[in-house]
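Engineer: One structure, as structure tokens, below. Some questions next.
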């Protein structure tokens, strides 16, 4: 008699962030390849296109879009207030609709990665036999409400997943949940498609000119990413070489950054073309990739740049880049917000080819931790342990 497959449901309503849009499909497909019956819960149509790409994962519509048809998807949020309004209605939809899903579909495991509060509450109120796993892609945001949720509601979860030890320690200090209950599992970031996409041609004059040193940065134009420090640092080195800076991403700080670029007279040296579906081809041809985040999880952009083989500079921010860059062996670490240190690091890497080669080799080793195969096997151990209890 065949053993019934373990049903795993995955929920991550914020699919329009670069990290989640990549991680969640990879995790879903990787777990299905290991023999799990995987359902991906769709809140606002964020995963509807995935069904066309794979038959391994079933997309289940939670019905929130029908209940609140005029609430925009996450991609179109441009301010703190719009995010709060969006978050309220989607959270309300989850709280109302999720119990029906849990009772009808009866997943053995429910993995939640975003908007964990309403999901944990709904799970607890339903009284379901489904085991809850709270998975953090990066540093958990703090607020009085979240602290209460962590300490009163989240403790009912069967497992907690953190991408590295630093994130686990921060979450533990907030929640008062022992670090021993946290499993360290990196996000699945690397697969063959990244390498394939990196080989696509880049149609851009800077990339066509071998005399130009192109610096690349990728991420949403938000306060967290601190592109102001990057632009300020670039201004300090612009006359020391034929440098150009390309920033791929979109967000609420666009106008502020454009004003800074105009003020420093850098319009001919810096471009911000917006969101790019294939940033990997730009990484492949860049002279270096820079991340200036004030805080970050493992840093998907720097992981991808490692796998592609590009020198990296990152701020030594909490709570992931230091681990990802092997304490500085696989990339240069600089102090958060220090434009002078960043400018010096850019020049040092530019002038030291030996350092570039050593950094790239260490980066390739580091990136192997983030492959779909490696990550899915760690998830398997956690899921099997929970379901066997």
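Engineer: Could you identify the single residue in 180, 196 that is more than 29 Å from residue 84 (Cβ to Cβ), out of contact with any strand residue (DSSP E or B) (no Cβ under 6 Å at 6 or more places or on another chain) and not assigned by TED's automatic domain parsing to the domain that holds residue 280? Quick ask: steps written out before the conclusion?
Structural biologist: Details: 196 fails: not assigned by TED's automatic domain parsing to the domain that holds residue 280.
Unique residue meeting the criteria: 180.
Engineer: If you don't mind, another one. Which condition number does residue 303 fail, the rest of (1) crowded, with 22+ Cβ neighbours inside 10 Å; (2) part of a loop (DSSP other than H, G, I, E, B) being met?
Structural biologist: For residue 303, the failing item is (2).
Engineer: To continue, here is another question. When you check residue 294 against the structure, is it surrounded by fewer than 24 Cβ atoms within 10 Å (Cβ to Cβ) and not in a loop (DSSP other than H, G, I, E, B), yes or no?
Structural biologist: Details: surrounded by fewer than 24 Cβ atoms within 10 Å (Cβ to Cβ): yes; not in a loop (DSSP other than H, G, I, E, B): no.
In short, no.
Engineer: Scan the stretch 212-220 and tell me whether some residue there is surrounded by fewer than 18 Cβ atoms within 10 Å (Cβ to Cβ), at pLDDT 90 or above, more than 16 Å from the chain's Cα centre (by Cα) and under 29 Å from residue 277 (Cα atoms).
Structural biologist: yes
Engineer: Out of 284, 357, I need the residue that is under 28 Å from residue 211 (Cα atoms), free of Cβ contacts under 8 Å to residues at least 12 places away in the same chain, outside any loop (DSSP other than H, G, I, E, B) and outside the structural domain of residue 31 (by TED's automatic domain parsing). Which one? Quick ask: steps written out before the conclusion?
Structural biologist: On the way: 284 fails: free of Cβ contacts under 8 Å to residues at least 12 places away in the same chain.
That would be 357, the only listed residue that is under 28 Å from residue 211 (Cα atoms), free of Cβ contacts under 8 Å to residues at least 12 places away in the same chain, outside any loop (DSSP other than H, G, I, E, B) and outside the structural domain of residue 31 (by TED's automatic domain parsing).
Engineer: Something else about it: Out of all the residues in the stretch 157-176, which are out of contact with any strand residue (DSSP E or B) (no Cβ under 7 Å at 6 or more places or on another chain) and on the phi < 0 side of the Ramachandran plot?
Structural biologist: 163, 166, 167, 169, 170, 173, 174, 175
Engineer: Can you tell me which residue in the stretch 36-72 is modelled with the highest pLDDT, limited to those that are farther than 18 Å from residue 109 by Cβ and in contact with a strand residue (DSSP E or B) (Cβ under 7 Å, 6 or more places away or on another chain)?
Structural biologist: Of everything passing the filter in the stretch 36-72, 61 is modelled with the highest pLDDT.
Engineer: Right, next: Could you list, in sequence order, the residues of the stretch 230-273 that are within 30 Å of residue 196 (Cβ to Cβ), at pLDDT below 95 and surrounded by fewer than 16 Cβ atoms within 10 Å (Cβ to Cβ)?
Structural biologist: Of everything in the stretch 230-273, nothing turns out to be within 30 Å of residue 196 (Cβ to Cβ), at pLDDT below 95 and surrounded by fewer than 16 Cβ atoms within 10 Å (Cβ to Cβ).
Engineer: Next up: Are any residues in the stretch 103-161 free of Cβ contacts under 8 Å to residues at least 24 places away in the same chain and more than 26 Å from residue 317 (Cβ to Cβ), and if so, which ones?
Structural biologist: Hits for the stretch 103-161 are 104, 127, 129, 148, 152, 155.
Engineer: Kindly provide the set of residues from the stretch 152-167 that are touching a helix residue (DSSP H, G or I) at 6+ places or on another chain (Cβ under 6 Å) and modelled with pLDDT under 90, ordered by number.
Structural biologist: Keep residues of the stretch 152-167 that are touching a helix residue (DSSP H, G or I) at 6+ places or on another chain (Cβ under 6 Å), which gives 153-154, 156, 158-160, 162, 164.
Once the filter is applied, which keeps residues that are touching a helix residue (DSSP H, G or I) at 6+ places or on another chain (Cβ under 6 Å) and modelled with pLDDT under 90, the stretch 152-167 yields 153, 154, 156, 164.
Engineer: I need a count of the residues in the stretch 325-346 that are more than 15 Å from residue 217 (Cβ to Cβ) and assigned to a strand (DSSP E or B).
Structural biologist: The qualifying residues number 1.
Engineer: Looking at (1) modelled with pLDDT of 90 or more; (2) crowded, with 21+ Cβ neighbours inside 10 Å; (3) over 27 Å from residue 251 (Cβ atoms), find the lone condition where residue 120 falls short.
Structural biologist: Checking residue 120 against (1) modelled with pLDDT of 90 or more; (2) crowded, with 21+ Cβ neighbours inside 10 Å; (3) over 27 Å from residue 251 (Cβ atoms), the one that fails is (1).
Engineer: It is to be established whether one or more residues within the stretch 73-81 are at pLDDT below 90 and touching a helix residue (DSSP H, G or I) at 6+ places or on another chain (Cβ under 7 Å). Outline the logic, then answer.
Structural biologist: Filtering the stretch 73-81 for residues at pLDDT below 90 gives 73-81.
Subsequent filtering for residues that are touching a helix residue (DSSP H, G or I) at 6+ places or on another chain (Cβ under 7 Å) retains 74, 77.
Yes; the residues of the stretch 73-81 include at least one that is at pLDDT below 90 and touching a helix residue (DSSP H, G or I) at 6+ places or on another chain (Cβ under 7 Å).
Engineer: With respect to the numbered conditions (1) surrounded by fewer than 19 Cβ atoms within 10 Å (Cβ to Cβ); (2) closer than 23 Å to residue 137 by Cα; (3) out of contact with any strand residue (DSSP E or B) (no Cβ under 8 Å at 6 or more places or on another chain), which one is the sole condition not fulfilled by residue 353?
Structural biologist: Evaluating residue 353 over (1) surrounded by fewer than 19 Cβ atoms within 10 Å (Cβ to Cβ); (2) closer than 23 Å to residue 137 by Cα; (3) out of contact with any strand residue (DSSP E or B) (no Cβ under 8 Å at 6 or more places or on another chain) leaves (2) as the failure.
The values are calculated or read from the model by the stated rules, or taken from the named source; none is laboratory data. Remember, it's a predicted structure, so these values are computed and weren't measured experimentally. Glycine also receives a Cβ, built like all others from the backbone with ideal geometry; neighbour counts cover every protein chain displayed.
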